[in-house]
Amino acid sequence: MEVSVEEAYRGTRRTITLERPGGRQTLDVTVPAGVTDGQRIRLAGQGGSGDTAGDLFLVVRIAPHHRYRVEGRDIYTDLPLAPWEAALGTTVALQTPGGEAKLKVPPGTSSGRRLRLRGRGLPNPRGTPGDLFAEVRIMVPPEPSETERRLLEELASVSPFDPRRT
């Protein structure tokens, strides 16, 4: 059974139809909040037919998502920042499966740095929820204005910083 990241986060209900020797059977399935990729959902007594029906197990798969990547209970997402936001620090609004969160970006943040929002990953009904990690991606203006170009050239002429010598 495939679910979205948001459905895995909040939980959902699904209706499935099974082809049985006696005909079709429709079952309502509750997918619990915090379900993880590969987790099994047990439907007691819904397995094979006979004197005593066994259990039916559904394996959950979390569908690929354009914004999130899930590893266990942790969720990863990209955080695009302008160079000045990364250099000076800022607070940004970040979309998470549980809704918008505010994320503080410390001054001097470089591309590739992972900022953690503790407990904002997939919930865990039996313990600690996962974390959400925002991986910084510094983006530059594709076509800087004349003013932006002039300011960037001025910065380049006064800054001793050389990223190839760190």
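Taking the condition in contact with a strand residue (DSSP E or B) (Cβ under 8 Å, 6 or more places away or on another chain), within 30 Å of Gly72 (Cβ to Cβ), open to solvent by 90 Å² or more (accessible area, probe 1.4 Å) and at pLDDT 95 or above, does Arg113 pass?
So Arg113 fits the description; yes.
Okay, residues lined up against (1) assigned to a strand (DSSP E or B); (2) in contact (Cβ under 8 Å) with a residue 12 or more places away in the chain; (3) closer than 20 Å to His65 by Cβ; (4) of a type in the set (Gly, Ala, Ser):
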residue: Pro80; (1), (2), (3), (4): yes, yes, yes, no
residue: Leu115; (1), (2), (3), (4): yes, yes, yes, no
residue: Arg126; (1), (2), (3), (4): no, no, no, no
residue: Pro129; (1), (2), (3), (4): no, yes, yes, no
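Taking Met139 as meeting all but one of (1) in contact (Cβ under 8 Å) with a residue 40 or more places away in the chain; (2) open to solvent by less than 50 Å² (accessible area, probe 1.4 Å); (3) over 30 Å from Val3 (Cα atoms), write down the number of the exception.
(2)
Restricting attention to the range 4-16, and to residues there that are touching a residue at least 60 places away in the same chain (Cβ under 8 Å) and not in a loop (DSSP other than H, G, I, E, B), which single residue is surrounded by the most Cβ atoms within 10 Å (Cβ to Cβ)?
Ala8
Taking the range 59-92 as the region of interest, how many residues are more than 27 Å from Thr30 (Cα to Cα), of a type in the set (A, V, I, L, M, F, W, C) and under 16 Å from the mean Cα position of the chain (by Cα)?
Total satisfying the criteria: 1.
Given the criteria surrounded by 11 or more Cβ atoms within 10 Å (Cβ to Cβ) and assigned to a loop (DSSP other than H, G, I, E, B), does Arg150 qualify?
Criteria not met by Arg150.
Within the range 51-58, identify whether any single residue is closer than 22 Å to Pro129 by Cβ and either within 11 Å of the chain's Cα centre (by Cα) or in contact (Cβ under 8 Å) with a residue 24 or more places away in the chain (or both), and answer yes or no.
No, every residue in the range 51-58 fails to be closer than 22 Å to Pro129 by Cβ and either within 11 Å of the chain's Cα centre (by Cα) or in contact (Cβ under 8 Å) with a residue 24 or more places away in the chain (or both).
Go through Asp37, Asp55, Asp78 for me and flag whichever is among the acidic types (Asp, Glu) and under 15 Å from Val3 (Cα atoms).
Asp37
Tally time: how many residues in the range 17-35 are β-branched (Val, Ile, Thr) and open to solvent by 30 Å² or more (accessible area, probe 1.4 Å)?
3
Listed here are the residues, each with its yes/no results for (1) in contact with a strand residue (DSSP E or B) (Cβ under 6 Å, 6 or more places away or on another chain); (2) at pLDDT 95 or above; (3) not hydroxyl-bearing (Ser, Thr, Tyr).
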site: Arg42; (1), (2), (3): yes, no, yes
site: Asp55; (1), (2), (3): yes, no, yes
site: Glu71; (1), (2), (3): no, yes, yes
site: Ile75; (1), (2), (3): yes, yes, yes
site: Asp78; (1), (2), (3): yes, yes, yes
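The values are calculated or read from the model by the stated rules, or taken from the named source; none is laboratory data. Every value quoted in this text rests on a predicted model; they were computed, and no experiment measured them. Because the Cβ atoms are built from the backbone with ideal geometry, glycine has one as well, and the counts that use them run over all protein chains shown. Heads up: the accessible areas ignore ligands, DNA and RNA and are worked out on the full protein's heavy atoms, side chains in. Shrake-Rupley method; radii C 1.70, N 1.55, O 1.52, S 1.80 Å.
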